Amino acid sequence: MKYYFLIAFVLLSFPISTAHAQAPSAMDIVVKAVEAMNYAGGDVKARIDMRIIDSHGRERIRQMTMLRRNETSGYGPQKYYVLFSRPSDVKEMVFMAWKNTDRADDRWLYLPALDLVKRIAASDERTSFVGSHFFYEDVSGRNIDEDHHEFIEETDEYYVIKSTPKTPGDVEFTNYTSWVDKTTYLPIRIEYTGQRGEVYRTFSVQTVEVIQNHPTIIDVQMEDTAMGGKTVLHYSAVKYSIGIKENVFSERFLRRPPREYLR
């Protein structure tokens, strides 16, 4: 769900006006990507329907509502709150994340069956998010300073960026390549390359809609050949700039969801 939200970090840019104009730098594209994808509006609310499909075609369903609040007008700290409503075994479970730009993100998971608040360690950020093919890191997005970004090419529709981790030992991939739509500034495809040079994980967008003047991803999937299967997300009831208060993203609301924002 590094969701739109899920989901997490993507790379964007702007059209080049002439054949001889210089392409923007890779970091310029990265910053524009983060701001366009994850910072639209001051905050956002969305319903998310998640279908987890394993390698045998068997499906599990998750339904949740996500709240996101920006702490700055551009790239900077953010806070996320995700309340699960279906099925019954995850109902009232809450995931909360504080995205930091100067240190590792803070993440919590509330398990209502145990009445337990679990702190998710930074070392677990690239593990499965509630059994899906998305990782915890995908929800709030990867910090742009964790990777070296290289401009690869420009096509009629996309800018292509290759990103390589600065500390390879912290991740399972060697690099990832992003195709960014030059008109909407949204990623259409991101491919992760494994240690043997194989593409093993692919993020792809199926549907985009303009909501309150913001190009918004509606249907997206993450396919993982290493894990087997894929996870499909559908966003609905998306509303930007609804005035979510900062105190919603605190530990006391893990056990007592802010219903006024979640209806």
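Semi-axis lengths, largest first, of the ellipsoid equivalent to the chain are 29, 21, 18 Å, with √(5λ) applied to each eigenvalue of the Cα gyration tensor. When you filter the GluC sites (Glu not before Pro) in segment 154-197 for DSSP loop state and at most 16 other Cβ atoms inside 10 Å of their Cβ, you are left with 157, 172.
Which of the residue pairs 79/182; 45/79; 32/162 have a Cα-Cα distance greater than 21 Å in the structure shown? Too far apart for the 21 Å limit: 79/182. Toward the positive end of the charge dipole of the chain, about the Cα centre and with charges on Cβ (Lys, Arg +1; Asp, Glu -1), which of 93, 44, 237 goes farthest? It is 93. For segment 251-262, putting each phi into the Karplus relation 6.51 cos²θ - 1.76 cosθ + 1.60 with θ = phi - 60° gives couplings of 4, 5, 8, 5, 8, 10, x, x, 4, 4, 9, 9 Hz, in residue order, rounded to whole numbers and with x for Gly and Pro. Hey, how many Å between the Cα centroid of segment 173-197 and the Cα centroid of segment 53-124? Using only Cα atoms, the two centres lie 23 Å from each other. Rounded to the nearest 20, the Cβ-based charge dipole of the chain about its Cα centre (Lys and Arg +1, Asp and Glu -1) stands at 1220 debye. Ordering 156, 138, 124, 43 from the fewest to the most neighbouring beta carbons within 10 Å gives 156, 124, 43, 138. Taking the Cα centre of segment 132-193 as reference, the dipole from Cβ charges on Lys and Arg (+1) and Asp and Glu (-1) amounts to some 60 debye.
Set Lys and Arg Cβ to +1 and Asp and Glu Cβ to -1, take the dipole of the chain about its Cα centre, and tell me which of 34, 204, 84 lies farthest positive. Final value for the positive-end residue is 84. Taken over the Cα atoms of segment 158-259, the convex hull encloses 175 Å³ per residue. Between the residues 70, 258, 190, the greatest Cα displacement towards the positive end of the dipole of the chain, with unit charges on the Cβ of Lys, Arg, Asp and Glu, is found for 258.
Helix 26-38 versus the longest principal axis of the chain: what is the Cα-based angle in degrees, 0 to 90, to the nearest 10? Tilt relative to the chain: about 30 degrees.
Note that segment 101-111 has calculated 3J(HN,Hα) couplings of 9, 10, 6, 4, 5, 9, 9, 9, 9, 9, 10 Hz, one per residue in order, obtained from phi through the Karplus relation 6.51 cos²θ - 1.76 cosθ + 1.60 (θ = phi - 60°); glycine and proline are x. Estimated from helical segments only, the mean residue ellipticity of the chain at 222 nm is -2500 deg cm²/dmol, where each DSSP H run of four or more residues counts as -39500 (n - 2.57).
Rg ratio for segment 74-127: its Cα radius of gyration over 2.2 N^0.38 Å, N being its residue count, equals 1.26. Database remark: amide H of residue 120 closer than 5 angstrom to the amide H of 107, 108, 109 (H placed geometrically; neighbours at sequence offset of 5 or more, or on other chains; Pro and chain starts carry no H).
Taken together, the values in this text are just the output of simple stated rules run on the coordinates, not laboratory data. If you're wondering where the values come from, they're calculated on a predicted model, not measured in any experiment. As a convention, Cβ positions derive from the backbone with ideal geometry for all residues, glycine included, and neighbour counts pool all protein chains shown.
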